[in-house]
Structure formats: C-alpha cells, structure tokens
Amino acid sequence: MFAPGISEGRNASGHSGVHSRGEARPTPTLAMRWGELTSTQIAHLGLDRRVGLVPVGATEQHGPHLPTDTDTRVAQAICDAAAGRCDATIVLPPIAVGCSLGHGTTFPGTLSLFPDELAGLVIRYAEWSALSGLRRLIFVNAHMGNAASLSTATDRLRFLRPDLKSTWID
C-alpha cells in the first residue's frame, strides 16, 4: 500500500536499485490500492491530483494450463508496476469480468458481460470515483474483447462528463 519496510533507497527485496553495471535505476515501491485503504485514508489522498489506474481483464477459459483470471492478473500487474513507479497514481479494484462472448460455452469457466454492460460499468467506475474526488482515470485493458466497450465508454464520458478525463490502453 504505502511501501512498508522500504526505506533508504532499498526495495522490498533489499536491493539498492543499482544494476550490476553500476547504473542507477528507479526503485519500485508497492502500488497504492484503493481497496486496501479506509474511507478516511482515501479522503486525505488529494485524489484531485492523482490518476486512477483501473485494471480491466476477463474471466474466461484459457485451456487446461492457465487460470480463468489470467487477463485480470496481467492488467493488475501492469497497473501495480506503473503505480509503484509513480506516486501520483492509485490502483482501483479490477474489472474482472469482461466481454468474452467469443469464447462461447464449449469450455467451462467463462463469465461474460455484453458490450453495453461493460461500457456501463466503466462509466460507473468513473462517476463513482469522481464522487470521492478522482477526476482522471486510465483503464488498462488486458483482454481484446473489451476494446469496443472501453472505447464507447470513454467516448461517452468525454461527451457527457467533460469534467472527467478518461482513456484506455491495451
């Protein structure tokens, strides 16, 4: 959350952030996650000066060798890594069910939303986080099937809520 145990330029593993060739590199810290904070902590963060990162994944079959939340784990890892390098960010809870209609019903494990449902959920994330003071969001997508919904939602937000800034990346 706030990088407990990391001090004096060392990361959680005790490394100093220096390559073996002696080159300095940024020392990553732990990402600040919305869901791990209390309401009081969130109120004191100055969310108007932060950018929210929202992991967007999917819950779907990936064959017999990978867990169904693989895409969500990837999006979460990307958000956590970025937030660990930038103090002006906060990672919101992931959107773990996406548009996985293309995976059909042949294999068990897939959960899916229709595109309009995911777009509505993205809009709600933006609107509800704005009520706490967060006005800038980046939706970090790790599932191809979510692209149209994310594009629709962020376009709609730009038109209907010009006070909020949102975009998405793959």
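The values are calculated or read from the model by the stated rules, or taken from the named source; none is laboratory data. Note that the structure is predicted; figures quoted are calculated from it, not measured. For neighbour counting, all protein chains shown are included, and Cβ atoms are generated from backbone atoms with ideal geometry for every residue, glycine included. In case anyone asks, the SASA skips ligands and DNA or RNA and just uses the protein heavy atoms, side chains included. Shrake-Rupley method; radii C 1.70, N 1.55, O 1.52, S 1.80 Å.
Is it true that Ser151 is within 11 Å of Gly52 (Cβ to Cβ) and either in contact with a His (Cβ under 9 Å, 6 or more places away or on another chain) or hydroxyl-bearing (Ser, Thr, Tyr) (or both)?
Answer is no for this residue.
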- request: Inspect region 120-127 for any residue being surrounded by 19 or more Cβ atoms within 10 Å (Cβ to Cβ) and among the β-branched types (Val, Ile, Thr) and give the result as yes or no.
  value: yes
query: Does region 97-108 hold any residues that are modelled with pLDDT under 95, open to solvent by 40 Å² or more (accessible area, probe 1.4 Å) and either in a loop (DSSP other than H, G, I, E, B) or in contact with a Ser or Thr (Cβ under 7 Å, 6 or more places away or on another chain) (or both), and which are they?
result: Leu101, His103, Thr105, Thr106, Phe107, Pro108
- prompt: Which one of the conditions (1) open to solvent by 40 Å² or more (accessible area, probe 1.4 Å); (2) of a type outside the set (Val, Ile, Thr); (3) touching a helix residue (DSSP H, G or I) at 6+ places or on another chain (Cβ under 9 Å) does Pro162 fail to meet, given that it meets all the rest?
  reply: (3)
message: Residue under question is Ala147, and the condition is that it be part of a helix (DSSP H, G or I), in contact with a Phe, Trp or Tyr (Cβ under 9 Å, 6 or more places away or on another chain) and open to solvent by less than 40 Å² (accessible area, probe 1.4 Å); does it hold?
response: yes
- request: Filter region 44-79 down to residues that are over 12 Å from the mean Cα position of the chain (by Cα) and closer than 17 Å to Tyr125 by Cα and give me whichever is surrounded by the fewest Cβ atoms within 10 Å (Cβ to Cβ).
  value: Asp48
message: Report every pair of residues separated by at least 6 positions or lying on different chains whose Cβ atoms are under 7 Å apart, first residue within region 119-130 and under 13 Å from Trp168 (Cβ atoms) and in contact (Cβ under 8 Å) with a residue 40 or more places away in the chain, second assigned to a helix (DSSP H, G or I) and not aliphatic (A, V, I, L, M).
response: Val122/Ser149
message: Being over 28 Å from Gly46 (Cα atoms) and either within 15 Å of the chain's Cα centre (by Cα) or touching a residue at least 40 places away in the same chain (Cβ under 8 Å) (or both) narrows it down to one residue among Gly104, Gly145; which is it?
response: Gly145
